[in-house]
Amino acid sequence: MADARAPPGPRTGPGHRRRGDERVARGGDARRRLGVAAAAVTALPIGAATGAALLAALGTDRLTWWLAIALGVVAIVSAWTSLRVRGATTGADVTVGGGPATGGAVTTPVQGYVVLAVSLAAAYFATLLARVSLDDVFYVGKSVWVAERDQIPFRDFLFTEGVLPGGTANPPIPSFEVLIGALARVLHVHAASVTWYLMLPVLAVFVIFALWRLVLRWAPRRPLLVFGVALAYILLVAGAPDVLNTYHLPRLTQGKSVFVHGLVPLAWVYLTDFLENRSRRALALLVLLSVAAVGLTTTAVILLPLLAATVAAVLLIMRRPREAVLCFAAAAAYPLLSGLLTRLTTNGLDNVVATYTEVQEPRVVYEFSLWLGVLGVIAGVAMWGSPLLLRRGVPRLLSAGAALTVTLLLVPGVLVLGAELTGLAAVLWRVPWILPVPLFVGLLAAIRLPRLTWPNHALAVALPVALVLAFFNLGEPMWTANVLQDKPSWRMPETRKNVTFWITRQDLPDGLVLAPTSVMRAMPQVTTRVRVVMARDLYLTDYGMDTQFAKDRLLLGAFADGTEPIPPVAEVDAALRRVDVAAVCLWRTNKAGNDAAPALGLVKVAARKSPGGMICYRTTTSGPAASGG
């Protein structure tokens, strides 16, 4: 009986050992088959993404572009089908690509100190950059107008004092420059000083924090490494005027720059938080973000709805219509309503929205945001391969949707159709801005091959080093053209700034002042009390380049610059009278202009020596300063 109650001993017979060995062998075979299947599933999107990037960045003709778009679609769609999704689209039930979502990561103390140090360094570094943007005449000029006059200029303030409509340079929606001007008025500080010495460093800290928030939520591993490589990409690939990273520190006081490098990353963070955690707070923050975005730039009126529609489409495919509606409404309702109300309540030139610029070719659009050549290949692989680079779960789904949307919009003819339907030809080249490209590029540094320990150790060092070296050797850094100074400045050459202030202190007749075009661009950034003939030639496009209004100002600008060929004296005299110029200030080096002064009836009233040597004259014409040809 005692033997009957004893527990049975282990089965150690020959038959049992054979069955165990067979089970182990079958398990090993299954794992090998699974590994082979996984490799086969990822091989197609990786190969297609690489091919698309090579053709897009290195190709030169229309055929290579079509092939690039086709391979890009294949890469994203094949990556999408490899994402295995189970259960709900929110919470930790989501498993994409074989593993559970791991959202909710928090910043460690070490990471926090690093990010804080980097953000403070960026804030100081931004004040040392003196890259001049021709658009500063509008952005800073509008803040100066608000600070000096305590009124919002809804109409033109650069050529006239509200006589003409605002045109494309002054849409009625953005209020960021108004905020800066109002702050300057309250603080009794010049609006340009508030812009460059206060707002710029604050915004630099903000965009660095925004990038870190997205890296922390989307990167699958080594977030500090991803963050560092992304920052290196931003700093070292930012030389050309309109490329994506130039809109970082070099142009950060412009609302569109804060939008693309600050609010777009945060929008993806809030969407991720909502979809993974059903966070009402994240949804509320997304609504507030949409309001702030429209206040920053009219670009948000089209890009935020595009981003929201992308997310909604992904959620509809996932059969989650409620979340799709909520996300779209939170991100797109205010931009769409504000844009619609603006169209309905304005007319004439006030209703013009960037119609003077032709739609860029798709490859040019690609170049503006992702570059060409080797750098374009790197960014293209990062974009089309992003669904496989990100953390499993919602980030992969969102990046797949965004990359597919941008790819389809880059099909030849699509942007042209969009421009015809919306009238937004001048801003449609910014559609890739919905992608967090620096993050995608940074993720390349954290690539890890499955089940290959020693190669991964080598890649952990080789990839980030190779990427940064590529950025350094092939890119153009933010400080291109010796724009890095040893102390903060207004981002205006010191001589030009001194000359502009000198003109404001002269006893000149009331009316318009004709000066070299660089000085006339600087004047609205200094004061609104001295009105100039032509603040910027590009903005004349809104009022017709074939009109006498524009022709006179272009001719006078060429005369003041001493540009060859010098306009005939009779034409200059007629233009001076039609525009009602009260004073003319010319560089001492403008020999032809100064020699023509007696024939034009100009009377010398002031002069200064070099640097910035200049002579100012008064004219014999008179009339209201706001009139024009």
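The values are calculated or read from the model by the stated rules, or taken from the named source; none is laboratory data. In this text the structure is predicted, and so the values were computed from the model without any measurement. Reconstructed Cβ throughout: ideal geometry from the backbone, glycine too, with neighbour counts over all protein chains shown. Side chains are part of the model used for accessible areas, which takes the heavy atoms of the whole protein and leaves out ligands, DNA and RNA. Shrake-Rupley method; radii C 1.70, N 1.55, O 1.52, S 1.80 Å.
Looking only at residues in the stretch 183-198 that are assigned to a helix (DSSP H, G or I), aliphatic (A, V, I, L, M) and out of contact with any helix residue (DSSP H, G or I) (no Cβ under 6 Å at 6 or more places or on another chain), which one is surrounded by the most Cβ atoms within 10 Å (Cβ to Cβ)? Break it down into steps so the answer makes sense when it comes.
Step one: filter the stretch 183-198 for residues assigned to a helix (DSSP H, G or I), giving 183-187, 191-198.
With the extra rule that they be aliphatic (A, V, I, L, M), the set shrinks to 183-184, 186-187, 191-192, 194, 198.
Filter once more, keeping what is out of contact with any helix residue (DSSP H, G or I) (no Cβ under 6 Å at 6 or more places or on another chain): 186-187, 198.
Details: V186: 10, L187: 13, L198: 16.
Ranking the qualifying residues of the stretch 183-198, first place goes to L198.
Is it fair to say A550 is assigned to a loop (DSSP other than H, G, I, E, B), under 31 Å from the mean Cα position of the chain (by Cα) and on the phi < 0 side of the Ramachandran plot?
Working: assigned to a loop (DSSP other than H, G, I, E, B): no; under 31 Å from the mean Cα position of the chain (by Cα): yes; on the phi < 0 side of the Ramachandran plot: yes.
Criteria not met by A550.
May I ask you to list pairs of residues, at least six apart or on different chains, whose Cβ atoms are under 6 Å apart, with the first in the stretch 357-384 being farther than 9 Å from L54 by Cα and the second being of a type in the set (D, E, K, R)?
Between residues of the stretch 357-384 that are farther than 9 Å from L54 by Cα and residues that are of a type in the set (D, E, K, R), the close pairs are F368/D242.
Considering (1) over 30 Å from L444 (Cα atoms); (2) out of contact with any Lys or Arg (no Cβ under 9 Å at 6 or more places or on another chain), say which one L231 fails and leave the rest.
(1)
If you scan the stretch 523-542, which residues turn out to be open to solvent by less than 30 Å² (accessible area, probe 1.4 Å), in a helix (DSSP H, G or I) and either modelled with pLDDT under 95 or touching a Pro at 6+ places or on another chain (Cβ under 6 Å) (or both)?
Correct list: Y539, L540, D542.
Go through the stretch 553-595 and give me each residue that's open to solvent by less than 20 Å² (accessible area, probe 1.4 Å), among the small types (G, A, S) and not in a helix (DSSP H, G or I).
A582, A583
Taking P165 as the residue in question, decide whether it is out of contact with any Asp or Glu (no Cβ under 7 Å at 6 or more places or on another chain) and at pLDDT below 95.
no
So which helices (runs of 4 or more DSSP H) stay within the stretch 407-522 end to end and still have 3 or more residues that are at pLDDT below 95 and either of a type in the set (S, T, Y) or loosely packed, with under 13 Cβ neighbours inside 10 Å (or both)? Give the steps one after another, and end with the answer.
On the way: elements: 414-422, 437-443, 453-474, 494-504.
Where helices (runs of 4 or more DSSP H) fall fully within the stretch 407-522 and carry at least 3 residues being at pLDDT below 95 and either of a type in the set (S, T, Y) or loosely packed, with under 13 Cβ neighbours inside 10 Å (or both), they are 414-422, 453-474.
With the condition kept exactly as written, say whether any residue in the stretch 343-350 is at pLDDT below 80, part of a helix (DSSP H, G or I) and crowded, with 16+ Cβ neighbours inside 10 Å.
Within the stretch 343-350, the first condition is being at pLDDT below 80, and the residues that meet it are 343-350.
From the residues that got through so far, the ones that are part of a helix (DSSP H, G or I) too are 343-345, 348-350.
Filter again for crowded, with 16+ Cβ neighbours inside 10 Å, leaving 349-350.
So far as the stretch 343-350 goes, yes, one or more of its residues are at pLDDT below 80, part of a helix (DSSP H, G or I) and crowded, with 16+ Cβ neighbours inside 10 Å.
Considering only the stretch 365-390, state which residues are surrounded by fewer than 24 Cβ atoms within 10 Å (Cβ to Cβ) and not in a helix (DSSP H, G or I).
L372
Consider only pairs whose beta carbons are under 9 Å apart and that are at least six residues apart or on different chains; among these, list those whose first residue lies in the stretch 574-596 and is free of Cβ contacts under 8 Å to residues at least 24 places away in the same chain and of a type outside the set (S, T, Y) and whose second residue is part of a helix (DSSP H, G or I) and crowded, with 22+ Cβ neighbours inside 10 Å.
These pairs meet every condition: A574/D552.
Looking only at residues in the stretch 244-280 that are polar (S, T, N, Q) and closer than 17 Å to F440 by Cβ, which one is surrounded by the most Cβ atoms within 10 Å (Cβ to Cβ)? Walk me through it before giving the result.
The initial filter retains those residues of the stretch 244-280 that are polar (S, T, N, Q), namely 245-246, 253-254, 257, 272, 277, 279.
Restricting the remaining residues to those that are closer than 17 Å to F440 by Cβ gives 245, 272.
Working: N245: 26, T272: 24.
Only one residue fits best here, namely N245.
Applying the selection to the stretch 325-345, what residues are within 20 Å of L266 (Cβ to Cβ) and either over 23 Å from the mean Cα position of the chain (by Cα) or of a type in the set (A, V, I, L, M, F, W, C) (or both)? First the steps, then the outcome.
Going residue by residue through the stretch 325-345, those that are within 20 Å of L266 (Cβ to Cβ) are 326-336, 338.
Scanning the stretch 325-345 gives L326, C327, F328, A329, A330, A331, A332, A333, L336.
Scan the stretch 291-312 for residues that are in a helix (DSSP H, G or I) and either open to solvent by 20 Å² or more (accessible area, probe 1.4 Å) or over 16 Å from A324 (Cβ atoms) (or both) and report the count.
Counting residues in the stretch 291-312 that are in a helix (DSSP H, G or I) and either open to solvent by 20 Å² or more (accessible area, probe 1.4 Å) or over 16 Å from A324 (Cβ atoms) (or both) gives 13.
Please count how many residues of the stretch 218-243 are open to solvent by 10 Å² or more (accessible area, probe 1.4 Å) and assigned to a helix (DSSP H, G or I).
8
Output the residues belonging to the stretch 547-568 that are among the hydrophobic types (A, V, I, L, M, F, W, C) and out of contact with any Asp or Glu (no Cβ under 8 Å at 6 or more places or on another chain).
Our first condition is that a residue be among the hydrophobic types (A, V, I, L, M, F, W, C); within the stretch 547-568, this holds for 549-550, 554-556, 558-560, 566.
Passing the criteria: F549, A550, L556, A558, F559, A560, I566.
Please work out if F159 is open to solvent by 20 Å² or more (accessible area, probe 1.4 Å) and either of a type outside the set (S, T, N, Q) or in a helix (DSSP H, G or I) (or both). Steps first, please.
Values: open to solvent by 20 Å² or more (accessible area, probe 1.4 Å): no; either of a type outside the set (S, T, N, Q) or in a helix (DSSP H, G or I) (or both): yes.
Against the criterion (open to solvent by 20 Å² or more (accessible area, probe 1.4 Å) and either of a type outside the set (S, T, N, Q) or in a helix (DSSP H, G or I) (or both)), F159 does not qualify.
Go through the stretch 588-618 and give me each residue that's over 24 Å from A550 (Cβ atoms) and either among the polar types (S, T, N, Q) or within 39 Å of the chain's Cα centre (by Cα) (or both).
T589, N594, S610, P611, G612, G613, M614
Using the structure shown, decide if L600 is more than 22 Å from W490 (Cβ to Cβ), part of a strand (DSSP E or B), of a type outside the set (G, A, S) and open to solvent by less than 30 Å² (accessible area, probe 1.4 Å).
For L600, the condition - more than 22 Å from W490 (Cβ to Cβ), part of a strand (DSSP E or B), of a type outside the set (G, A, S) and open to solvent by less than 30 Å² (accessible area, probe 1.4 Å) - is not met.
For residues that are assigned to a loop (DSSP other than H, G, I, E, B) and among the charged types (D, E, K, R), scanning just the stretch 104-151, find the one that is modelled with the highest pLDDT. I'd like the intermediate steps shown before the answer.
Step one: list which residues in the stretch 104-151 are assigned to a loop (DSSP other than H, G, I, E, B), which gives 104-108, 130-135, 150-151.
From the residues that got through so far, the ones that are among the charged types (D, E, K, R) too are 131, 135, 150.
On the way: R131: 86, D135: 89, D150: 94.
So the residue we want is D150.
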